[in-house]
1. Could you look through segment 1-39, keep only residues that are part of a strand (DSSP E or B) and among the charged types (D, E, K, R), and pick out the one that is surrounded by the fewest Cβ atoms within 10 Å (Cβ to Cβ)?
2. Being in contact (Cβ under 8 Å) with a residue 24 or more places away in the chain and over 20 Å from F222 (Cβ atoms) is the filter here; which residues of segment 131-169 pass it?
3. How about segment 5-26: which of its residues are in contact with a Phe, Trp or Tyr (Cβ under 9 Å, 6 or more places away or on another chain) and farther than 18 Å from I75 by Cβ?
4. Considering only residues that are crowded, with 21+ Cβ neighbours inside 10 Å and more than 13 Å from the chain's Cα centre (by Cα), which ones fall in segment 86-96?
5. Could you pull out the residue among E242, E218, E202 that is without any contact (Cβ under 8 Å) to a residue 24 or more places away in the chain, out of contact with any Leu (no Cβ under 7 Å at 6 or more places or on another chain) and among the charged types (D, E, K, R)?
6. Go through segment 205-217 and give me each residue that's of a type outside the set (A, V, I, L, M) and surrounded by 22 or more Cβ atoms within 10 Å (Cβ to Cβ).
7. Considering (1) more than 25 Å from K51 (Cα to Cα); (2) not in a strand (DSSP E or B), say which one H109 fails and leave the rest.
8. In the set T99, T77, which member is among the polar types (S, T, N, Q), crowded, with 20+ Cβ neighbours inside 10 Å and touching a helix residue (DSSP H, G or I) at 6+ places or on another chain (Cβ under 6 Å)?
Amino acid sequence: MEEKILRKLVIRPFHINEVVFGKKTSINKDILTIKEDILENLLKTCKVIEKIDVEIIKPGDHNREINTIMDIIPISTKVLGRIGEGITHTLTGVYVMLTGVDKNGRQMHEFGSSEGILSEKLMLGKRGTPGPNDYIIHMDVTLKGDLPFARDLALESFRVCDDYIQEIREVLKYEDGRNSYDSQEYFDIVRPGKKKVVIVKEIAGQGAMYDNMMFMSEPSGFADGVSIIDMCNMPMVLSPNEFRDGILRSMT
């Protein structure tokens, strides 16, 4: 029997060499401009967050104090299809870093905090972290004080950060694919008579900052996702391209 292609995934990367604030979110060749007044509207949607700060960290400018790192997030978006198939646009040269603390100075962590000097707390150039020449969009959330450390605090922080990134995703969706510096194609293929390969990955699901999200509407996103905790840590079967396209979001 012949091989059968079940799904095709195309990932188109766009490289960013500069990130700035401006009046309108846009991508102009290799310059990402982020609208300055997004935060005011975002804060109105928050119940437990008192303050949101965003700064742009340039390459090499890592000698600065930060609150505990909650996540490092790539910026990717679906242009066609759902996660695992169709077309995905992604930015290289820039990542989003989410940090958090409450009004009383309690760091947003569960199994060890990472507040301190950024250059000492973040290992650059590893899988899932910015490289030494990458820009970092740093969002720092300050939560209301005297609240029990519960999942809703962490989830609200991830949610508002995702809403901020979505402003960039909506622009990235309409970038001309011909302007990407590469186009990578991946196929989910059935090969009759061949050996079946399954990779088993154990993930965390037991606490406020020890969680994983799956089945989001955007790659490495948050909206529409389901926590592995809420799925009672049940096993899930994913295709290689779903995993590659960012259907699993670690929030530890």
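The values are calculated or read from the model by the stated rules, or taken from the named source; none is laboratory data. Predicted model, so just to flag it, every value in this text is computed and none were measured. When we count neighbours, we look across all protein chains shown, and the Cβ atoms used for this are built from the backbone with ideal geometry, even at glycine.
1. K4
2. The answer is P132, N133, D134, Y135, K144, G145, D146, L147.
3. We begin by selecting, within segment 5-26, every residue in contact with a Phe, Trp or Tyr (Cβ under 9 Å, 6 or more places away or on another chain); these are 5-19.
Within segment 5-26, I5, L6, R7, K8 meet the criteria.
4. Matches in segment 86-96: T88, H89.
5. On the way: E242 fails: without any contact (Cβ under 8 Å) to a residue 24 or more places away in the chain; E218 fails: without any contact (Cβ under 8 Å) to a residue 24 or more places away in the chain.
None of the other options fit; the residue is E202.
6. D211
7. With respect to (1) more than 25 Å from K51 (Cα to Cα); (2) not in a strand (DSSP E or B), H109 is out only on (1).
8. T77
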